[in-house]
Amino acid sequence: MAKEKATITVDREKLAEARGMLGAPSASATIDIALTQLIRRRRLRADLAAYTRTPSTAEEIALGIVSPDWDDLADDTDWDSDWSEDQ
């Protein structure tokens with residue numbers, strides 16, 4: 001992605017704290033990481049908001065309720081036994 005040089009005014013203490021938290025090598029890297037995280041979070045919030053505006057369909061609700069029938073997996077195997085003792 002192309003980068004653009006910009007002159008900005010920031011709170012030195014906030015920048016130092018953010019740089020330390022992120023382990024960023026420079027002020028520019030700190031700002032770049034912070035902007036990337038901000039964009040990702042805003043996109044995620046927008047995606048979540050889009051899903052919450054759409055009510056679940058009856059089929060989606062039913063899928064959430066379905067519980068598998070595990071009866072076909074029942075057998076006489078003792079899964080807690082230590083198989084190395086049988087060797």
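The values are calculated or read from the model by the stated rules, or taken from the named source; none is laboratory data. Predicted model, so just to flag it, every value in this text is computed and none were measured. Cβ: placed from backbone, ideal geometry, glycine included. Neighbour counts: every protein chain shown.
The table below lists the values:
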quantity	calculated
Residue match in the range 13-23 (condition: of a type in the set (D, E, K, R), loosely packed, with under 10 Cβ neighbours inside 10 Å and at pLDDT 95 or above)	yes
The range 29-80, residues that are over 17 Å from the mean Cα position of the chain (by Cα) and of a type in the set (S, T, N, Q)	30, 52, 54, 56, 57, 67, 77
Residue list for the range 18-46, restricted to those being in contact with a helix residue (DSSP H, G or I) (Cβ under 7 Å, 6 or more places away or on another chain) and in a loop (DSSP other than H, G, I, E, B)	24
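To keep it simple, each residue is scored yes or no on (1) in a loop (DSSP other than H, G, I, E, B); (2) modelled with pLDDT under 80; (3) surrounded by 10 or more Cβ atoms within 10 Å (Cβ to Cβ).
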position: 50; (1), (2), (3): no, no, no
position: 56; (1), (2), (3): yes, no, yes
position: 59; (1), (2), (3): no, no, no
position: 62; (1), (2), (3): no, no, yes
position: 68; (1), (2), (3): yes, yes, no
position: 72; (1), (2), (3): no, yes, no
